[in-house]
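Heads up, the thing below is written out as C-alpha cells.
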Amino acid sequence: MVLGALLDGALELLYPAGIYCACCGDAIDPDMPYSLCGRCVREICWMKEELAAGEACGGLSGLSGRPADLRSLRRAFSCARYESRTRSVLKKFKYGRQPGLARALGRLMLERIEGQDLTPDLVVPVPMYLPKERARGYNQAELLGREIAAGLGVPCLSGALVRSRKTGAMSALSADERRMNLRGAFETRERLRGGGSSSLSGKQILLVDDIVTTGTTADECARALLAAGAAAVDLLVFASGGAGDGGN
Ligand SMILES: [Zn+2]
C-alpha cells in the first residue's frame, strides 16, 4: 500500500489535521486532539445518548435531534447535534472540497463508539446517487467509512449498496411520504446482479453516513442490507437532527 501511504501523506500536506480547527478554521495548538479548537469543543452539542433505534419515536426530528424512522437499525450513534457549528464543518467537508476532513471527523466517530460493545464485521457507507458523486468527486460517507473501517480493522465495502435514483430533500415530507419517496432507492449490488449475498450474509454491519436527519435514508439502507442476509445493522453518523441539506 505504498501508493496509499503516499496519497495519505499528500492529503496531510494539503489538509494538515491539527493545525486549523476543522469547524471554525481558527489556528489551534497542534497537540489538541480531534482537530477542533477549545471553543468549538465546548460549543458543539455532543450527544451522549443513543439515537432511538428499532422503533419510531414519531416526533419532529429537527427538535429533538433524534431521527424518527430508524426501525430497521439495531443501534444508532451520533457524535453531535446538527446545529450551526456541526453544519459548518459538514458544509466544508461536503461542498468545500475538503475531503481531508474525513480523518478528523472519522476519529471523532470512532471515539463515539468506543466501549459500546459493537463488533462489526464490515463497514458500509450510505451510497450517493452516482451522477451526484461524480459531480462532487467523492462520497463523503465513503471517506468516513474508510477511516472508521481502518480504525476498527475491518473491511469497508463501499460498493455494497447502490443508490439507484435521485431522491431529493425530504425534510418537509411526512414519514409515510418519505418512505414512499425512497422505496426501492437502495439495493445491494449483489442483488442487482441477481447473485447471492455471500459477502453480507450473517454479517454485523456498521452503516456510516455524515448526517442523519429523519432517518429514512439510513433505515432504507438497513432494510436492503437485512434483506440481503445481514445479521444486524448499526448506524454511526457525525451529526443528527435538523432539517439537513436533503438527499445526501
Ligand atoms: Zn473552532
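The values are calculated or read from the model by the stated rules, or taken from the named source; none is laboratory data. Values in this document were obtained by computation on a predicted structure and should not be read as measured data. Cβ atoms come from the backbone with ideal geometry, glycine included; neighbour counts cover every protein chain shown.
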- Per the filter on the stretch 113-139, residues touching a residue at least 40 places away in the same chain (Cβ under 8 Å), surrounded by fewer than 18 Cβ atoms within 10 Å (Cβ to Cβ) and part of a helix (DSSP H, G or I) are LYS132, ARG136
- Message: For ALA10, only one of the following conditions fails: (1) within 14 Å of the ligand (Cβ to nearest atom); (2) modelled with pLDDT under 55. What is its number?
- Response: (1)
- Taking ALA230, is it at pLDDT 95 or above and part of a loop (DSSP other than H, G, I, E, B)? yes
- Note on the structure: All conditions in (1) over 14 Å from the mean Cα position of the chain (by Cα); (2) within 15 Å of ALA222 (Cβ to Cβ) are true of TYR129 except (2)
- Item | Breaking point among (1) within 20 Å of ALA224 (Cβ to Cβ); (2) surrounded by fewer than 17 Cβ atoms within 10 Å (Cβ to Cβ), for LEU157 | (2)
- Message: Step by step: first the residues of the stretch 19-48, then only those that are surrounded by fewer than 14 Cβ atoms within 10 Å (Cβ to Cβ) and aliphatic (A, V, I, L, M), then the one that is nearest to the ligand (Cβ to nearest atom). Which residue is that?
- Response: ALA27
- A careful count of residues in the stretch 56-70 that are under 20 Å from GLN116 (Cα atoms) and either modelled with pLDDT of 70 or more or surrounded by fewer than 16 Cβ atoms within 10 Å (Cβ to Cβ) (or both) gives 1
- Consider ALA150 carefully, then state whether it is within 28 Å of ALA104 (Cα to Cα), over 13 Å from the mean Cα position of the chain (by Cα) and not in a loop (DSSP other than H, G, I, E, B). yes
- Task: Please list, ordered by first then second residue, the pairs with beta carbon atoms under 8 Å, 6 or more apart or interchain, first in the stretch 36-52 and within 28 Å of LEU70 (Cα to Cα) and charged (D, E, K, R), second part of a strand (DSSP E or B) and more than 8 Å from the ligand (Cβ to nearest atom).
- Result: GLU50/ALA76; GLU50/PHE77
- Item | Test: ALA172 is farther than 17 Å from GLU142 by Cα, surrounded by fewer than 17 Cβ atoms within 10 Å (Cβ to Cβ) and in contact with a Lys or Arg (Cβ under 7 Å, 6 or more places away or on another chain) | no
- Could you grab me the full set of residues in the stretch 161-198 that are of a type in the set (A, V, I, L, M, F, W, C), free of Cβ contacts under 8 Å to residues at least 60 places away in the same chain, over 13 Å from ALA227 (Cβ atoms) and out of contact with any Pro (no Cβ under 8 Å at 6 or more places or on another chain)? ALA172, LEU173, MET180, LEU182, ALA185
